[in-house]
Ligand code: NAD
Ligand code: ZN
C-alpha cells in the first residue's frame, strides 16, 4: 500500500478545539478542558437550557465576554495548514472551532460547521449584530440583552447542542470530505456528530485518514496513521513531510 504522503490530490482537514489550545483557548474534553474542570459549564452549551433560563443566559454572556479567544492569535499548527495551500495543494478545512483562528492565520477555504463567536443572532427573527456591540450592551448593564427588532432571545452565532446544523455548511463539509485523498482530523475528540462523521465520509470515498490527537477517538480504527504527539509539533512536521520541504 502506498504511503498516504505520496497522494497528491485534495487534502481535507477537520479541526477541533485541540488545535487552538496552544493559542490559550481551552478545549472541552481534554485533560484541562472547560467541561472536564467544570461539568456544569456544559449546561451553557445546550440550546434548550439557554432559551429556558435567563440566569443561564446572563452567565453565558459573561462567558462570551471572558472567552480567551478575544486575545488569542494563531499558533504554528494553524500556520502549518496555510503552508499546505501555499505549496500549491488543494486544501479544504472543516472546523468545529468558533474562534476564527484559521481565517486569521490566512487559510481561505474554511467551513465553520459550528458557526462562530463573533456574530450574534436572534432565535426568533432575522436580526443579527456583532458580538462586540452586544457585549457593550452587557457592559452597560443589560445582563441578557434582548433582540432590538422583536424582543426575542439573542445568542452567539454558534451551533449549541440541541440545535440543527446549517445545511449549507454541512453540504460544503461533505464535499470537502468526499473529494479528499488525504483527510487529517486534528485536535478533536471526534465525539460530536455529525462533525466527526466527516472522517467516515472521507474514508468511504477513498481517502486515507490521519488522526492527530493526544487521546484516542472512536475513529482511530479507520485511520491510516495516528499521531499522539502535541499538535503544535506534530502538524508542522506532517505538513513538511507532505510538501517535502
Ligand atoms: P474536544 O474538547 O472534545 O477534544 C479536543 C481534543 O484535543 C481532546 O481529545 C484533547 O486530548 C486534544 N488536544 C488538546 N490539545 C492538544 C494538543 N496540544 N495536542 C494534541 N492533542 C490535543 O474538542 P472538539 O472535538 O472540537 O469538540 C468540542 C466542541 O466545542 C466543538 O464542537 C467546538 O465547537 C467547541 N469548542 C470550540 C473551541 C474553539 O473554538 N477554540 C474551544 C472549545 C470548544
Ligand atoms: Zn428578533
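Laboratory data are not the source of any read-out in this text; all were calculated from the coordinates shown. None of these values were measured; they are calculated from a predicted model.
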Inset, instruction - Along each of the three principal axes of the Cα atoms of region 89-140, give the extent in whole Å, ordering the values from largest to smallest. - result: 47, 23, 14
Inset, instruction - Sort out for me the Cα centre separation of region 127-152 from region 60-74, rounded to whole Å. - result: 16 Å
Inset, instruction - Wrap a convex hull around the Cα atoms of region 102-245, take a quarter of its surface area, and give that in square nanometres. - result: 10.8 nm²
Inset, instruction - Could you please state, rounded to a whole Å, how far the C-alpha centre of region 78-105 is from the C-alpha centre of region 178-245? - result: 14 Å
Inset, instruction - Using all C-alpha to C-alpha distances in region 1-62, build P(r) with 5 Å bins and read off the rounded percent in each one. - result: 4, 14, 16, 13, 15, 12, 8, 5, 6, 4, 2, 0
Legend entry - Where only C-alpha atoms are counted, convex hull volume of the chain per residue in Å³: 118 Å³
Legend entry - Computed over region 1-124, Cα set: Rg, Dmax in Å: 17.0, 57
Inset, instruction - For region 122-166, just the Cα set please: Rg and Dmax, both in angstrom. - result: 11.1, 32
Legend entry - Coordinate range along principal axes, alpha carbons of region 166-245, Å, largest first: 35, 26, 22
